Amino acid sequence: MSNLLNYVSAGKRISGPAPTALTGGYLLNINGIATVTSVPIAADAVGSFAVEGVFSAPYVGNACNAGDNLWWDANGKPYGGAADGAATNLGADGDFWIGTV
């Protein structure tokens, strides 16, 4: 009996091209995976994106509890912040799933 699994990566980072110039700390959806840039990446340059870890982000939504799902709302405007996007626990407002509280 053969095992069909192959080790690919430790799973903490993935590499890929930046669709536009990105700043460090930018949240990007890559094929349904929430990723975060660590450093600025030029447009069309291959960069490294974090896919695992603990991140702080602006938030808009209801009170959260540990284990609640979070989505990214690209046009969400958190209290006192700019409309550059925010995490939310309101799934209908979210553009893609980013993790749990």
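Overview of results
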item	result
Extension gain, residue 96 back to residue 39 (0.36 nm per residue minus Cα-Cα distance, nm)	18.3 nm
Summed residue charge, Cβ within 15 Å of residue 77's Cβ, Lys/Arg positive, Asp/Glu negative	-4
For segment 46-101, fraction of C-alpha pairs farther apart than 20 Å, in %	23 percent
Per-peptide average of other Cβ atoms within 10 Å, ordering 36-43, 49-56, 87-94 highest first	87-94, 36-43, 49-56
Accessible surface, per residue, of segment 25-101 when the full set of protein chains is kept, probe 1.4 Å, Å²	61 Å²
Charge tally in the Cβ shell below 14 Å around residue 58, where Lys, Arg are +1 and Asp, Glu are -1, residue 58 excluded	-2
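The values are calculated or read from the model by the stated rules, or taken from the named source; none is laboratory data. All of these numbers come straight from a predicted model, not from anything done at the bench. Cβ atoms come from the backbone with ideal geometry, glycine included; neighbour counts cover every protein chain shown. We work out accessible area using only protein heavy atoms, side chains counted, and drop any ligands, DNA or RNA first. Shrake-Rupley method; radii C 1.70, N 1.55, O 1.52, S 1.80 Å.
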